[in-house]
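The values are calculated or read from the model by the stated rules, or taken from the named source; none is laboratory data. Everything numeric here is computed off the predicted structure, so don't read it as measured data. Using ideal geometry, Cβ is built from the backbone for each residue, glycine included, and neighbour counts are taken over all protein chains shown.
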Amino acid sequence: MNLADSEGLARKLLAAGYVEEPLERADIAILNSCVVRQASEDRVYSKLHELRPWKTPERTIAVTGCIVGKEGDNLRRRFPQLDAVVPIGEYDGFIADLDARYDWSAGEALPAAGRTGVSHFVRIIQGCDHNCTFCIVPRVRGREKHVAMSELLLECRQAIADGAREIVLLGQNVDDYHDPDGRGGMAALVREVERLPGLRRLRFMTSHPQDLEPELLEVMAASEVVCRELQLPVQSGDDLILRRMARGYQTRHYRAIIDRARQLMPDIGLATDVIVGFPGETDEAFRNTRRLLEEIEFDVVHLAMYSPRPGTYAASKMPDDVPEAEKLRRLNELLALQKEIAARKTARWVGRQVEVLVEGRDELGRSYGRIRQGKRAVVLGGTVEPGQLVDIRVVQATAGQLMGTRAA
Ligand code: SF4
């Protein structure tokens, strides 16, 4: 979501005539912030400290993102070097203020408007109506606002016309999407977008086990365009902890979704999020999470240690009772387990032919992209232009990526 917000703001700035520059040459520095965990929030503060020597009266420092919803104008009081505090999505007023401040008309030639690469992010929902007890997102991003399907289709068509080959539909919980004009939910939206001429790939994230429509899995399975990839956070493999998190499902519901998805798409790529050390997580509860990871064998697990976020239900009502050292031990245990699982799963791709949508070149100059199941893949022997789809035969696999040569 943050990347999509940054891209949206960058597109507007480029269209208004601004150019990207390394920090030392730039007039304006904009920090897009995340506060989902204390560590992310602390990074914003340390970045603001780091920028202090960079700041001059001519230069602008702005902060946007979730920290604005959480801290608001407090930020200006704490960091006097800060010029602008910009709420998420409210970029037009900010750019108008910049325009009033900088006369760039005598500067370099204007770049072409727009910024569309191989993938184009489209935000379909802003905010979240769930109230997971650990989560600060509803507080900082507000309640859900759904973008009309007609508007979304227009944006997707334009992005494809501008060169995008892949659309990524984004929301804190995409499965809650419904068109304000009554044209249906997420499955209906995916069906409409995947039919757009010229589109080669369609991805979406993040899903929610409580809201995922069974029909969506069927639309995915029947499509040549929708990627075989599901980002479905489970958070815990223990039903009592899930209840305390107010996630709205039990592990048997979660397993049923995975079983159905695998029945329809046996090679589907699965990613999840897990929090260890949530208040009340006993050793047995942690073992249940471990068992779930062993059983499902996710391709990717985003692991985090619980950190209380001020203003959340868990922070105010549930004692943070798992010692930090134990949280870290649990985190490391699952990291090691997942490393093993990911390596085992990735090795199963060796010898198979897969289709790669090329996104760019890596640091060694090799073309890379992703396969339909979401894994990163490097094309060996010869370069391929970004935006091209190529078939490769996988000859090598690490936990992080596949490597293959062009298939005959
Ligand atoms: Fe936060 Fe996701 Fe729960 Fe919404 S569904 S409250 S974004 S964890």
Taking Ala26 as the residue in question, decide whether it is farther than 30 Å from Thr133 by Cβ, surrounded by fewer than 16 Cβ atoms within 10 Å (Cβ to Cβ) and in contact (Cβ under 8 Å) with a residue 40 or more places away in the chain. no
Counted residues, segment 167-220 - those being closer than 27 Å to Pro386 by Cβ and either over 20 Å from the mean Cα position of the chain (by Cα) or of a type outside the set (Phe, Trp, Tyr) (or both): 23
Among the residues in segment 218-229, are any in contact with an Asp or Glu (Cβ under 6 Å, 6 or more places away or on another chain), hydroxyl-bearing (Ser, Thr, Tyr) and more than 16 Å from the ligand (Cβ to nearest atom)? yes
Yes or no: segment 141-159 includes at least one residue that is near the ligand (Cβ under 10 Å from one of its atoms), among the hydroxyl-bearing types (Ser, Thr, Tyr) and either out of contact with any Asp or Glu (no Cβ under 6 Å at 6 or more places or on another chain) or not in a loop (DSSP other than H, G, I, E, B) (or both). no
Here are Thr56, Thr60: which of them is free of Cβ contacts under 8 Å to residues at least 12 places away in the same chain, within 18 Å of Phe79 (Cα to Cα) and over 25 Å from the mean Cα position of the chain (by Cα)? Thr56
Which ones in segment 201-210 are within 15 Å of the ligand (Cβ to nearest atom) and at pLDDT 95 or above? Phe204, Ser207, His208, Pro209, Gln210
Within segment 324-370, can you find the residues that are touching a strand residue (DSSP E or B) at 6+ places or on another chain (Cβ under 7 Å) and acidic (Asp, Glu)? Glu355, Glu359, Asp362
Given the structure, is Ile241 within 16 Å of the ligand (Cβ to nearest atom) and either closer than 28 Å to Glu324 by Cβ or buried (at least 20 other Cβ atoms within 10 Å of the Cβ) (or both)? yes
Does segment 355-383 hold any residues that are of a type outside the set (Lys, Arg), at pLDDT 90 or above and part of a loop (DSSP other than H, G, I, E, B), and which are they? Gln373, Gly374
If you check Leu335 against the conditions, is it closer than 18 Å to Phe134 by Cβ, within 22 Å of the chain's Cα centre (by Cα), touching a residue at least 12 places away in the same chain (Cβ under 8 Å) and in a helix (DSSP H, G or I)? no
Considering segment 253-269, residues that are in contact (Cβ under 8 Å) with a residue 12 or more places away in the chain and over 16 Å from Asp175 (Cα atoms), and then whichever is surrounded by the fewest Cβ atoms within 10 Å (Cβ to Cβ), we arrive at Asp267
Flagged pairs (Cβ under 8 angstrom, 6 or more apart or on separate chains; first in segment 219-238, more than 23 Å from Ala285 (Cα to Cα); second polar (S, T, N, Q) and away from the ligand (no atom under 16 Å from the Cβ)) are Cys227/Gln373; Arg228/Gln373; Glu229/Gln373
Can you tell me which residue in segment 1-23 is surrounded by the most Cβ atoms within 10 Å (Cβ to Cβ), limited to those that are within 13 Å of Val63 (Cβ to Cβ) and not aliphatic (A, V, I, L, M)? Asp5
